[in-house]
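Report on one structure; see the data block that follows.
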Amino acid sequence: MNLMNTYKRFKYQMVKGEGNYLIDENGKKYLDFLSGIAVNALGYGREDLAQAICETSKELIHSSNLFSNKNQEDLAKLLVDNTDFDKVFFANSGAEANEGAIKLARKYGELNYGEAKNVVITLGDSFHGRTLATITATGQDSFHEHFKPLPEGFVYGKINDLESIEALINEQTCAVLLEPIQGEGGVKVCTEEFLKGVRSLCDKYGALLIFDEVQTGVGRTGSFFCYQKMGVLPDILTSAKALGGGLPLGAILATDKVASAFVPGDHGSTFGGNPVACSAGKVIVENVLSPGFLEEVNKRSAYFLSGLFALKEKYSWVKELRGRGLLLGLEIEGEGASLVEKAYEKGFIINCTKGNVLRFLPPLTIKEEEIDQLIFMLDELFEERGEN
Ligand SMILES: *Cc1c(COP(=O)(O)O)cnc(C)c1O
């Protein structure tokens with residue numbers, strides 16, 4: 001094996017996908033409740049997606065951002081027309097989108113308030129990516145160890161604790177960066193009250209509010225972007241994961257006022273907004289925004305929640321059920337990794353985050369009968385674990 005040892009990988013390779021199933025090299029099928037970590041929003045084997053990727057590849061795979069490309073402009077228009085933002089920058093990943101958003105906030109801060117306005121407040125248990133700046137933004141010590149010195153200008157508040165933000169925010173704060181629902185951090189949902197409080201603190205101190213919607217966006221939580229149901233408007237929003245339909249694509253969305261801080265030379269990317277990735281992105285966004293699609297997601301979410309709720313009631317060691325849309329988590333007592341492994345054996349892909357939160361991120365196309373199968377399987381697994 002010539003790969004660096006950065007992942008504990010499953011012993012079999014996945015070689016095909018069909019509907020909401022993955023199929024491994026032995027032909028075993030797995031019902032997928034992870035979607036390649038919140039990426040494969042439309043499931044597998046999508047003709048429309050494959051066709052768009054195929055056709056664009058035949059025309060032109062890459063020309064760089066020194067030239068405009070229609071797919072990039074079309075996708076930007078779709079994003080702008082269906083959100084409260086005016087301008088888009090395309091990157092290749094969530095980390096890069098966040099990195100760019102932090103740069104944009106610092107430039108905006110400097111232009112409007114001077115160089116000292118450069119501190120970013122993030123939250124404990126957050127996750128913002130793997131680059132040096134985004135691991136620093138990530139409010140978890142375990143991500144910082146071994147990689148010091150880290151970039152300066154990051155401080156950490158607590159989710160749903162407005163006082164913790166109040167204690168940190170001041171004239172030097174250029175932005176508050178947060179996930180409206182912390183995905184990697186254990187499916188923790190920001191309350192509307194907290195988000196509204198943070199919004200008004202940002203306004204009071206001239207700081208920008210940045211939502212990292214890399215995981216929560218593109219229909220995952222039952223609206224196109226999560227902020228649209230939370231009654232709070234951020235100044236900058238980052239997207240990635242599901243946006244490219246499995247191809248590397250990230251985006252920074254911002255209002256005109258904020259976006260205008262960037263001028264040529266401030267930021268860039270060789271690959272960002274590549275024609276093929278953007279043609280895939282168009283298919284994803286068009287599907288997610290097609291009539292009835294998000295209503296279905298919300299129906300499935302309610303159905304899924306009621307199944308998980310019944311498990312929570314039945315097993316005393318299941319402590320909490322959290323999440324929105326199809327980003328759901330069950331916090332349990334004890335560790336979850338062995339349950340994930342047993343689920344694989346039974347032909348289900350689930351995930352555990354923070355050691356004890358079973359996380360469910362199925363394709364948005366998951367069917368009720370498939371949810372039934374998962375709940376039935378979990379009930380079996382939980383029963384085996386014992387001690388109701
Ligand atoms: C996955 C994730 C990222 C990082 O995205 P990459 O594409 O892996 O760089 C950033 N923020 C959040 C909230 C994420 O879930």
- Query: Taking segment 105-130, which residues are polar (S, T, N, Q) and farther than 18 Å from I159 by Cβ?
  - Reply: N112, N118
- Item | Among residues of segment 233-245, those that are open to solvent by 10 Å² or more (accessible area, probe 1.4 Å) and touching a strand residue (DSSP E or B) at 6+ places or on another chain (Cβ under 9 Å), counted | 3
- Within segment 124-145, tally of residues that are open to solvent by less than 20 Å² (accessible area, probe 1.4 Å) and either within 11 Å of the ligand (Cβ to nearest atom) or touching a helix residue (DSSP H, G or I) at 6+ places or on another chain (Cβ under 6 Å) (or both): 8
- Wholly within segment 277-388, strands (runs of 3 or more DSSP E) carrying at least 1 residues that are surrounded by fewer than 17 Cβ atoms within 10 Å (Cβ to Cβ) and touching a residue at least 24 places away in the same chain (Cβ under 8 Å): none
- Among the residues of segment 62-91, the number that are among the aliphatic types (A, V, I, L, M), surrounded by fewer than 21 Cβ atoms within 10 Å (Cβ to Cβ) and out of contact with any Lys or Arg (no Cβ under 9 Å at 6 or more places or on another chain) is 1
- One residue from G43, G17, G94 being closer than 30 Å to V263 by Cα and either surrounded by 13 or more Cβ atoms within 10 Å (Cβ to Cβ) or under 21 Å from the mean Cα position of the chain (by Cα) (or both): G94
- Restricting attention to segment 111-145, the residues that are without any contact (Cβ under 8 Å) to a residue 12 or more places away in the chain and hydroxyl-bearing (S, T, Y) number exactly 1
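The values are calculated or read from the model by the stated rules, or taken from the named source; none is laboratory data. Owing to the predicted nature of the structure, the values given are computational and were not obtained by experimental measurement. Cβ: placed from backbone, ideal geometry, glycine included. Neighbour counts: every protein chain shown. Accessible surface is based on the protein model in full, side chains and every heavy atom, while ligands, DNA and RNA are left aside. Shrake-Rupley method; radii C 1.70, N 1.55, O 1.52, S 1.80 Å.
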